[in-house]
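Student: Let me give you the structure first, and then I'll get to my questions.
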Amino acid sequence: MKIKKIKSTPVIDFYTADVSTKMPLPFVDSGIAAGFPSPAEDYIDLALDLNKELVNNPSSTFYGRVKGSSMKDAGIHNGDILVIDKSLEPVNGKVAVCFIDGEFTLKRMKFVDKKLFLVPANEEYDPVEVTKENDFIVWGIVTYIIKKM
């Protein structure tokens, strides 16, 4: 999977999604026990291509690397890679990459009484109310988080 860096900001680095490559990886379809071990498969005959699994709309999907800790309590940490789909509609409760007053931010959208708030998942940060005075767009909706363990 080729990834080309397209933009860097204080909050997120953006990359294009190149889905022209194929990289099928072995896939355990029977599930992986998180409790007691189960007998191992003698062989794995299924394959999973992460491009097909993670990218529904290739022309509007980008990757972003998180910088910062404002969403840590939602399980999104510094260095995580986000799969961002720009074609999805903003919906209450979704985590979105937003552009507000010249800066990108990663927050959960919350609609209350026809008002929009960008809500962090870290008590050290305050929610931001988006008003008509703000230069604002929802740049994309986060569909997946890829993290290093």
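Student: What residues have an amide H closer than 5 Å to that of G68, excluding those fewer than 5 places away on the same chain, when H is modeled at 1.01 Å from N in the peptide plane?
Tutor: N78, G79
Student: Run the quick spin-label model on T16 and E124: label points 7 Å from Cα toward the beta carbon, then report their separation in nm to one decimal.
Tutor: Between T16 and E124, the simple spin-label model gives 3.6 nm.
Student: While we're here: Using a cut-off of under 14 Å, list every residue of the stretch 91-117 whose amide N is near the label point 7 Å from the Cα of I137 along the Cα-to-beta-carbon line.
Tutor: 97-105
Student: Right, next: Scan around L48 for amide H atoms under 5 Å from its own, H built in the peptide plane at 1.01 Å from N, and keep only partners 5 or more places away or cross-chain.
Tutor: L25, F27
Student: Pull up all non-local amide H partners of W139: gap of 5 or more, or a different chain, and H-to-H distance under 5 Å with H placed in the peptide plane.
Tutor: Residues meeting the criterion, in which the H sits 1.01 Å from N, are V97, C98, F99.
Coordinate-derived values only; no laboratory data. From a predicted model like this one, the values you see are computed outputs, not experimental measurements. Positions of Cβ are backbone-derived with ideal geometry, glycine not excepted, and every protein chain shown enters the neighbour counts.
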